[in-house]
Structure formats: C-alpha cells, structure tokens
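Right, one structure below, let's go through it.
No value in this document is a laboratory result; all are computed from the given coordinates. What you see is a predicted model, and the numbers here were worked out from it, not measured in a lab. Cβ atoms come from the backbone with ideal geometry, glycine included; neighbour counts cover every protein chain shown.
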Amino acid sequence: MSAYTKLSDDRVRLVTEEPNGHFPQDLAHVLIASPTAVKKTGSARFSEHPVGTGPFRFVRQQSGEQIELARFDDYWRGAPELDKLVVKALPDAAARTASLRSGAVNWIEYPNPDDIPSLRSDGVRVLTNSYDHLWYWILDTTAGPWKDPRVRRAANYAIDREAIAENLLHGTAAPAEQAAPSGTFAHDPANDTYAHAPAKARALLAEAGYANGFSTSVTVPTGGSGNLVPVPIAEAVQRDLAAVGIKVDIRTTDWSTLIAAEAVGKVARDSQAIAQSTTLFQSEALLPLFIGSNSPFWTGHYSNRQVDTLLASAGRATDRETREAHYTEALKLVTQDAPWLFVVNDRNPRAISPKVRGLVQPQSWFLDLTTVRVER
C-alpha cells in the first residue's frame, strides 16, 4: 500500500504500489476493528467483547467450548432469519454425530465419512460442493530421493485416489490428479496427470535408481482445519507407496505444532514430508507463499522461476481472463514438477437436520447464514 485517502465518512481510496488484480478479493480477508471498542476494552480483552458490522452480534462465549450470537436487526443487508446462533466446539467426530442425532445441534461440520450412510438413512441431509481445497504431501525437493522429479512423479502415480475418495471418504472428496483444486478457475481437466498407475511408478523409480525402493518419513496432523481424516488418509497413501517399494514412517503431531513449525521454515518431527490441507485461491496474495521461490514457509524448498514469473504476471493483471490463464499455466508446471503428492480435493461436507432450511452450500469456507432458518 503506497497511499490512502479518506473520501467521506464511508469511503476511502487505497493506492497500491503496483497494479494488483486480486486486491478487491484480498480485502475480504482484512479484519477492521472499531478503534472506539478497542480503546474501551483494551487489546487484550477485545476478543471477550467484540463488535462488528455483520448480521449477528456477540452475546457471550465460553472459551474453547462455544460462542453465542444474536440477530442484529439493523444489519445493512437486512436482519437474518435466525433469532440466535450458537457455535459449539466439538473436535471429536463421534461427539458431533451423537449431538446431531440427539437434537442437541441442528448441523455439524465434517461428519465422519463412515457415519454418512446411516445419517442419510435417518433423514439427515449431507451437503457437499467442490471448492478451493487440496489435501496433499509437501516433499523435500532438495534432499534424498525426493530431490529427483522422477521419484516424485512415481509416488504420485502410485496413489489410488479413487479408492481414497470413494471407499475411505465416501464421496466427500474428489481425486486430485493435478495441483489446481477442481473447484477453482485454475483447474483445467486437460492437466489431470496422475491416475493410479503402479507399473508406471515402478518404472520411474527404476529409471531414477530406486528399483528396490527407499524409506522416508512424513509428519501428519491428527486433526485441524480442512484436514478431513488425516491419519487414515495418510495410512492409505502409505499402503499405496509401499506397494511400489516406498516405505513411509508416519509421525503424528497436533495441527498447531505442525503449522507453527512450518511458518518458520521447519518440519515438525524432522520428517522428509508434511501432510496437510490448504486452499490456494481464497486469498490469491498468499499463492506465492505456497509455490513461489524463497517462501518463508516450509514448502519443501520448491523453486521454479517460470512459476514465479507467471504468478507475478497474474497478480498484476486486472482482468480475470489473464489471471486465470497465467495461474492455470503456473499450476500445470507445478503438476509436472510434482513437489507435492496430490491426494484429494475436499467437498466440504456438512450434515444438517431436516429442520434446517435456506442454507446455500458454497464453493468456499465462507458461509452466508442470513438465509438460514430452523423450522419448528
């Protein structure tokens, strides 16, 4: 940002240092606190008495347990349908399912995939939609066998994504055969590359000098945002890789520890890979942190100057068509370089009571709750 100017009480002009085509979308991630409210409570206690401009107002919270919100009648787009909204923290999937079945809650995020058939038979609606999401392994591209792109491609060909998506996740995810998530404008079906081809995987390993396979390790979170059922998915990938001679030691940790280490350029538990989920395009400004050179995050030290050039040109483009073309080409190159194991794209399942009406399942993590109502 090079300059800003107040135009009126509700308008401001922002000037960027260079053309930035995705700046309007990035502003959706900028959270602005009321100076009056912060001065009243102090920064340390602002989270206990937050204020905002949304359709619901803060009532109370029990830290780590639940937060209660009430309808804001003066919301600028019109008051929401619901009188109040209670969001509960239920990290255990079995507890979420039990709460939905007992009527203690009206909907749950990410039901255990194994519970979905029985939930549907009970009349529960399970909504899904493709969106910007990839569950993948980041490989160390500068050391050991993973340094060789033939080995990385071989590992990708070894994975039976269809079995993971359908048999393990019961259709709540889709196979990811390329770097661009299927729910994004950068996805081109022509770039789908890594179908299940174990014979091809073995041939590539032999060509790279690993006919007898090798041993490696991966750090996997036990849960966390967008991670589906990470340990069972990692175990499925582990079995597929073992079938072509790649023996994987799975090392588990909690999500916070994994992310904290990654943010300072490290790998929790000192593995040669990290298994995790991410979104690439919900904030385009962050894309270079995932696939650009010299990222401060641990990205397996991946670097491709052509990718850097395409990301820069896409970021400067103010028309969507140019950005789409350049991002698609950049992620095609990432697919070919295979710095990751592309596993599945989440379909964001949520299980809701038959009483819940008006929910539009988005292609995003962001939900519009103003249209939702609960029938008596």
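Tell me, which strands (runs of 3 or more DSSP E) wholly within segment 1-76 include 1 or more residues that are in contact (Cβ under 8 Å) with a residue 24 or more places away in the chain? Full working, then the answer.
Values: elements: 3-8, 11-15, 56-62, 66-71.
Answer list for segment 1-76: 56-62.
Among (1) farther than 25 Å from residue 281 by Cα; (2) in contact (Cβ under 8 Å) with a residue 12 or more places away in the chain, where does residue 139 come up short?
(1)
Determine which member of the set 204, 241, 289 is under 16 Å from the mean Cα position of the chain (by Cα) and either closer than 30 Å to residue 323 by Cβ or buried (at least 17 other Cβ atoms within 10 Å of the Cβ) (or both).
Working: 204 fails: under 16 Å from the mean Cα position of the chain (by Cα); 241 fails: under 16 Å from the mean Cα position of the chain (by Cα).
Testing whether each residue is under 16 Å from the mean Cα position of the chain (by Cα) and either closer than 30 Å to residue 323 by Cβ or buried (at least 17 other Cβ atoms within 10 Å of the Cβ) (or both) leaves just 289.
Being in contact with a Lys or Arg (Cβ under 7 Å, 6 or more places away or on another chain), of a type outside the set (Gly, Ala, Ser) and crowded, with 16+ Cβ neighbours inside 10 Å is the requirement here; does residue 105 meet it? Walk me through how you get there before you give the answer.
Details: in contact with a Lys or Arg (Cβ under 7 Å, 6 or more places away or on another chain): yes; of a type outside the set (Gly, Ala, Ser): yes; crowded, with 16+ Cβ neighbours inside 10 Å: yes.
Yes.
Every residue, every condition in (1) buried (at least 17 other Cβ atoms within 10 Å of the Cβ); (2) over 19 Å from residue 25 (Cβ atoms); (3) within 22 Å of the chain's Cα centre (by Cα), yes or no:
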residue: 304; (1), (2), (3): yes, yes, no
residue: 311; (1), (2), (3): yes, no, yes
residue: 338; (1), (2), (3): yes, yes, yes
residue: 343; (1), (2), (3): yes, yes, yes
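Can you give me the number of residues within segment 333-363 that are closer than 22 Å to residue 166 by Cα and out of contact with any helix residue (DSSP H, G or I) (no Cβ under 8 Å at 6 or more places or on another chain)? Don't jump to the end; show me each part of the working.
The initial filter retains those residues of segment 333-363 that are closer than 22 Å to residue 166 by Cα, namely 340-352, 361-363.
Narrowing further to those that are out of contact with any helix residue (DSSP H, G or I) (no Cβ under 8 Å at 6 or more places or on another chain): 345-348, 350, 352, 361-363.
Of the residues in that region, 9 qualify.
Only one of 218, 248, 231, 264 is β-branched (Val, Ile, Thr) and touching a residue at least 40 places away in the same chain (Cβ under 8 Å); which?
On the way: 248 fails: touching a residue at least 40 places away in the same chain (Cβ under 8 Å); 231 fails: touching a residue at least 40 places away in the same chain (Cβ under 8 Å); 264 fails: touching a residue at least 40 places away in the same chain (Cβ under 8 Å).
Answer to the selection: 218.
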